[in-house]
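Let me begin by presenting the structure, written as structure tokens, before commenting on it.
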Amino acid sequence: MRRSALLLLPLLAALASCTEGSKAAPSNPLLRMPGTQPGQVTLDGSSPCYACHGSGNGPWVRPTPDQRNRTNYEEYNLFRAWQGSMMGNSARDPLMFACLTVAAQDSMHVLGNADAVDLCMRCHFPKGWLEGRAAVRNVSAMTGEDYDGIQCTFCHRLSDPFPRPTAEGPREGGTFAVHYDEHDSPAVPPQARSTNAALGTFAADQEMTRTILRHSGIPFYEGLQPFSPLYDEAGGGQYFVSPAREVRGPFADVLPGATEPHSPLYSRFHKGPFICGTCHDVSNPLMANLGATGQPDLPSEVQPSYAFGHVERTFSEYRLSAYAQPGGSPGKGNFRPNTPSRTFPVNGWETDQPGNNISKCQDCHMCSRWTPGSNDLTSPVRPEQSEEHPNTWTPCHAMTGGNVWMSEILASIAPDNATPDARNVSLLVGRASELTCDPMQGTWTSLMPGNLPAGQRPPDIAGALTLAASRNRGVLGNAANITDLSYAPSTGALTFRIQNNTGHKLISGFPEGRRMFVNVVVSQNGVKVGEVNPYDAAAGTLRGLPGSPSSPPLGPNEVFSDPLVYEVAMRSSITGEDRTFHFALATSRYKDNRIPPKGFDVGGATERLVEPVWEGMSRPDWFTPAEYAGGYDEVSLVVPPGATDVAVRLYYQTTSREYVEFLRDEINGTGHLTLPRAAYVAQTDPFFTGLRAWGDTIFALWENNKDRDGARPYLMAQGAWTAPVTLRASRR
């Protein structure tokens, strides 16, 4: 392994020479990907959106009850939901800053510059990246509403990278009336009918395509199609942004007028799943473009991002699932919308597909609600007041995921928190001379008392983040079930099924440090006689975890089972590690045993670099055809026989002690190190002036918050077997 790393390093050094002296150059061919490039557009901030889409101009209350007998819609306030989401706080995430610091050091070690951090900034700071501030690679140029991360105008200025196939039908279903809930209703003005409105957006998309060039300067599009027939999907931060200021959204019947400050465009792209793939199929273009100097077109421009440099593959996992098929598929478990439609349970939700099938990411992560889209009294309560989209509820902008931990940490430092966590505040706030991160910038300042227009009330930022954490717990609780649990007391044979209720692998997203694991406790009359994957709360990690210097040893009758730890472990031929946390230097996967979604097409998974992997080997046979079809893992174990109680619990961690220790040690250049000594420059190179403190900061933050859900294992699902009373009595 070390030998292959040494063979790569001269090639990398040679390629780095073409970018020496251009550390601020966004045109580095190793990192170039298709889409809008820095300096081509500017974005408005999110603060003005608060007036109508938050509570700035008044509460979300209507004088007339809707069909659900509701008048107050404050619960689904779009701005509040966004402001509490990790999308709205992607640039305030301290874990991201620590990871970025390691990536910068790794990049300097291999390339001679810090250009690899461009991959972090393009999705976490899209406003700053588009406006050229990512050219300063240590993040110190980011300012103001750059810190609002994935903000309103960024998403609502995104253009369809494939305008022609979407306009003509084959891209996302073809039958517009069903797939997009379009009706061309004569009850609405002609310009508000879907077909007419979509044609206007198609014309605007054509204008966007003229702004997109290849690295060579040649147009990327030929006849409204990408020049390469292989390029069939935009992902990994390849965003295509309209140069005009029209706001794009999923409803054709939003009309400009006295109460509508935008120039709205109806966007099928925003109704469908491909918009989510923009950032949620992350790839490292360096792995595609390595060795491509002198070619007329970069490999990252010729092929889709899913074909190279695996970092995460959430969108690809969805694309291979039953939910991505035409018409979608019924939800599983608690991720199942109302049945039958419009029965209005307390927390019910619906989709725009027949039978309430799930067909796109938004169906679960932007769970639609019966509500208007703003506090304007003329804004329709959807769907009952929409003739054009009578089955489409208003998407909740909470964009829920599984990151309870970071949501609560950010809530604890929010500017309006009446009882902030003093330790968290001391670590993350007011350290401008030590840390480049300033979480108080953006709407955390601009929407506070004293900065608002007269008459506007400030948002409840801490409350929004706390609500987001609660919603994230709900997502984790809905994501899985343990079913079909059976135990044979005579032999100790234990079987159970872990059902994946999501539309992607369980778990998904950023691989480093995230893990889901099964814990089994076997007891006999109240005395533990066996345990699989025991967790040590004091140490903050699993016991008996191989390769972890902080993992306590296993106790009597305890075993560690790696197949029951569901995760991605990356591999790097550059560092010589089978299991690495160096995401910027990862070259393949060593382990990927995560549970597939329902209907997973394993035959197409290798092309997208998302098939199961075990000990560095591709293992499409890891799950059976029945498991792929049903989206579950059938587990069989042998545990101690003669038990009276068996408890099976499924836990999730947003981040692990091992990952936080890695970040600390790599940034500090001490402890358990993985690179040659000369690579550790974070504590000496002036480039890291505002970054070098992240090593100690992230570990101190973890120590102070390790008992919060997400650092502490969060219970997702559980099952139990209990001996019959007669059998229990015989064992006393």
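The values are calculated or read from the model by the stated rules, or taken from the named source; none is laboratory data. What you are looking at is a predicted structure, and each value in this text was computed from that prediction instead of being measured. Cβ atoms come from the backbone with ideal geometry, glycine included; neighbour counts cover every protein chain shown.
Given the criteria touching a strand residue (DSSP E or B) at 6+ places or on another chain (Cβ under 7 Å), buried (at least 19 other Cβ atoms within 10 Å of the Cβ) and assigned to a loop (DSSP other than H, G, I, E, B), does T400 qualify? Outline the logic, then answer.
On the way: touching a strand residue (DSSP E or B) at 6+ places or on another chain (Cβ under 7 Å): no; buried (at least 19 other Cβ atoms within 10 Å of the Cβ): yes; assigned to a loop (DSSP other than H, G, I, E, B): yes.
Answer is no for this residue.
In summary, R473 fulfils each of the numbered conditions (1) surrounded by fewer than 22 Cβ atoms within 10 Å (Cβ to Cβ); (2) modelled with pLDDT under 95 with the single exception of condition (2).
State whether one or more residues within the range 654-662 are under 20 Å from A493 (Cα atoms) and touching a Ser or Thr at 6+ places or on another chain (Cβ under 8 Å). First the steps, then the outcome.
Looking only at the range 654-662, we keep the residues that are under 20 Å from A493 (Cα atoms), and these are none.
Checked the range 654-662: no residue is under 20 Å from A493 (Cα atoms) and touching a Ser or Thr at 6+ places or on another chain (Cβ under 8 Å).
Restricting to the range 273-296, and then to whatever is in a helix (DSSP H, G or I) and over 16 Å from the mean Cα position of the chain (by Cα), can you tell me which residue is nearest to A586 (Cα to Cα)?
Pass one, the range 273-296, residues in a helix (DSSP H, G or I): 274-277, 285-289.
With the extra rule that they be over 16 Å from the mean Cα position of the chain (by Cα), the set shrinks to 285-289.
Numbers: P285: 12, L286: 11, M287: 9, A288: 12, N289: 15 Å.
Across the range 273-296, the extreme among qualifying residues is M287.
Is it true that some residue in the range 61-76 is out of contact with any strand residue (DSSP E or B) (no Cβ under 7 Å at 6 or more places or on another chain), modelled with pLDDT under 95 and surrounded by 22 or more Cβ atoms within 10 Å (Cβ to Cβ)? Within the range 61-76, not a single residue is out of contact with any strand residue (DSSP E or B) (no Cβ under 7 Å at 6 or more places or on another chain), modelled with pLDDT under 95 and surrounded by 22 or more Cβ atoms within 10 Å (Cβ to Cβ). Taken over the range 203-217, the criterion of being exposed (fewer than 15 other Cβ atoms within 10 Å of the Cβ) and in a helix (DSSP H, G or I) is satisfied by A203, E207.
Only residues that are surrounded by fewer than 20 Cβ atoms within 10 Å (Cβ to Cβ) and not in a strand (DSSP E or B) were counted in the range 476-502, giving 5.
Contact annotation: residue pairs with Cβ atoms under 6 Å, 6 or more positions apart or on different chains, pairing a residue in the range 231-257 that is in the same structural domain as A187 (by TED's automatic domain parsing) with a partner that is in a loop (DSSP other than H, G, I, E, B) and of a type in the set (A, V, I, L, M), are G236/V282; Q238/M33; V241/V41; P243/V41; D253/V188.
Each row is one residue, and each column tells you yes or no for (1) of a type in the set (A, V, I, L, M); (2) surrounded by 16 or more Cβ atoms within 10 Å (Cβ to Cβ).
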{"position": "K528", "(1), (2)": "no, yes"}
{"position": "A538", "(1), (2)": "yes, no"}
{"position": "F581", "(1), (2)": "no, yes"}
{"position": "A584", "(1), (2)": "yes, yes"}
{"position": "D621", "(1), (2)": "no, no"}
{"position": "D633", "(1), (2)": "no, yes"}
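Any residue in the range 504-515 that is acidic (D, E), surrounded by 21 or more Cβ atoms within 10 Å (Cβ to Cβ) and closer than 30 Å to S283 by Cα?
Quick first cut of the range 504-515, residues acidic (D, E) only: 512.
After this cut, where a residue has to be surrounded by 21 or more Cβ atoms within 10 Å (Cβ to Cβ) as well, the list is 512.
The next check asks that each one be closer than 30 Å to S283 by Cα; those that pass are 512.
Within the range 504-515, one or more residues are acidic (D, E), surrounded by 21 or more Cβ atoms within 10 Å (Cβ to Cβ) and closer than 30 Å to S283 by Cα.
In the range 131-147 there is no residue matching the filter, namely being in the same structural domain as L298 (by TED's automatic domain parsing), without any contact (Cβ under 8 Å) to a residue 60 or more places away in the chain and buried (at least 20 other Cβ atoms within 10 Å of the Cβ). Considering only the range 342-352, I want to know if a residue exists there that is under 23 Å from Y180 (Cβ atoms) and outside any loop (DSSP other than H, G, I, E, B). So far as the range 342-352 goes, no, none of its residues is under 23 Å from Y180 (Cβ atoms) and outside any loop (DSSP other than H, G, I, E, B). When residues in the range 531-547 are screened for being modelled with pLDDT of 95 or more and either on the phi > 0 side of the Ramachandran plot or in a loop (DSSP other than H, G, I, E, B) (or both), 10 of them pass. Once the range 223-247 is narrowed to residues that are at pLDDT 95 or above and assigned to a strand (DSSP E or B), the residue that is nearest to P38 (Cα to Cα) is V241.
I'd like to know if the range 26-39 contains one or more residues that are at pLDDT below 50 and touching a helix residue (DSSP H, G or I) at 6+ places or on another chain (Cβ under 7 Å). Can you show your working first?
If we filter the range 26-39 for residues that are at pLDDT below 50, which is where we start, we get 26.
With the extra rule that they be touching a helix residue (DSSP H, G or I) at 6+ places or on another chain (Cβ under 7 Å), the set shrinks to 26.
Checked the range 26-39: at least one residue is at pLDDT below 50 and touching a helix residue (DSSP H, G or I) at 6+ places or on another chain (Cβ under 7 Å).
Residues that are part of a helix (DSSP H, G or I), touching a Cys at 6+ places or on another chain (Cβ under 7 Å), touching a residue at least 12 places away in the same chain (Cβ under 8 Å) and not hydrophobic (A, V, I, L, M, F, W, C) do occur in the range 92-106, at least one of them. The one condition from (1) under 29 Å from Q499 (Cβ atoms); (2) touching a residue at least 24 places away in the same chain (Cβ under 8 Å); (3) surrounded by fewer than 22 Cβ atoms within 10 Å (Cβ to Cβ) that G547 does not meet is (1). In the range 582-618, of all residues being closer than 21 Å to S305 by Cα and among the aromatic types (F, W, Y), the one that is farthest from the chain's Cα centre (by Cα) corresponds to Y590.
For D685, indicate whether it is under 27 Å from L506 (Cα atoms), surrounded by fewer than 19 Cβ atoms within 10 Å (Cβ to Cβ), not assigned by TED's automatic domain parsing to the domain that holds P563 and not hydroxyl-bearing (S, T, Y).
Working: under 27 Å from L506 (Cα atoms): no; surrounded by fewer than 19 Cβ atoms within 10 Å (Cβ to Cβ): yes; not assigned by TED's automatic domain parsing to the domain that holds P563: yes; not hydroxyl-bearing (S, T, Y): yes.
Answer is no for this residue.
Being at pLDDT 90 or above and either within 28 Å of T483 (Cα to Cα) or surrounded by 22 or more Cβ atoms within 10 Å (Cβ to Cβ) (or both): is that true of W349 here?
Values: at pLDDT 90 or above: no; either within 28 Å of T483 (Cα to Cα) or surrounded by 22 or more Cβ atoms within 10 Å (Cβ to Cβ) (or both): yes.
Considered against the rule, which asks whether it is at pLDDT 90 or above and either within 28 Å of T483 (Cα to Cα) or surrounded by 22 or more Cβ atoms within 10 Å (Cβ to Cβ) (or both), W349 comes out as no.
Residues of the range 503-523 being in a strand (DSSP E or B) and of a type in the set (A, V, I, L, M, F, W, C), which ones? Explain how you work it out, then say what you get.
To start, the set of residues in the range 503-523 that are in a strand (DSSP E or B) comprises 506, 515-523.
Scanning the range 503-523 gives L506, M516, F517, V518, V520, V521, V522.
Sub-9 Å Cβ pairs linking a first residue in the range 379-396 that is under 15 Å from P337 (Cβ atoms) to a second residue that is surrounded by fewer than 20 Cβ atoms within 10 Å (Cβ to Cβ) and hydroxyl-bearing (S, T, Y), at least 6 apart or interchain, are N391/S341, ordered by first then second residue. Every listed requirement among (1) under 25 Å from A192 (Cβ atoms); (2) modelled with pLDDT of 95 or more is met by P261 save one, (2).
Across the range 579-638, what is the number of residues that are of a type in the set (D, E), without any contact (Cβ under 8 Å) to a residue 24 or more places away in the chain and outside any loop (DSSP other than H, G, I, E, B)?
Narrowing the range 579-638 to residues of a type in the set (D, E): 592, 601, 607, 611, 615, 621, 627, 633-634.
From what's left, without any contact (Cβ under 8 Å) to a residue 24 or more places away in the chain: 611, 621.
Keeping just the survivors that are outside any loop (DSSP other than H, G, I, E, B) gives 621.
Of the residues in the range 579-638, 1 are of a type in the set (D, E), without any contact (Cβ under 8 Å) to a residue 24 or more places away in the chain and outside any loop (DSSP other than H, G, I, E, B).
Across the range 150-187, the qualifying residues are those that are aliphatic (A, V, I, L, M) and assigned to a helix (DSSP H, G or I), and the one among them that is farthest from A81 (Cα to Cα) is A167.
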